[in-house]
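The structure appears below as structure tokens.
The values are calculated or read from the model by the stated rules, or taken from the named source; none is laboratory data. Remember, predicted model here, so these are calculated numbers, not experimental data.
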């Protein structure tokens with residue numbers, strides 16, 4: 001249910017990040033916990049074009065969603081190397097990291 005993709009390759013998790021819906025992200029995260037889904041997998045799961053929710057939030061100017069997803073990644077106690085390489089430095093299908101997307105769109109100015 002959580003990782004089912006729509007026709008564009010996005011999950012509900014990706015769509016909540018895209019819209020900047022903190023409430024949607026919170027609800028989906030709670031449901032994932034109840035279903036005992038690996039939260040790390042949810043944070044790192046990529047869309048059809050290789051975007052993690054973190055990258056989508058950066059691309060769409062959703063700074064609060066970006067901050068929330070980053071905090072959740074840190075909460076997961078992912079290994080520092082994994083946080084760097086998979087979460088924050090992961091490249092999408094065009095070769096951009098979330099930082100590139102956020103900087104390009106001007107969403108780092110807050």
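Descriptive notes on the structure:
- Checking 37, 83, 66 one by one, the residue that is under 14 Å from the mean Cα position of the chain (by Cα) and either at pLDDT 80 or above or closer than 17 Å to residue 103 by Cα (or both) is 66 and no other.
- Within segment 1-58, helices (runs of 4 or more DSSP H) holding 1 or more residues that are under 15 Å from residue 92 (Cα atoms): 12-19, 39-44
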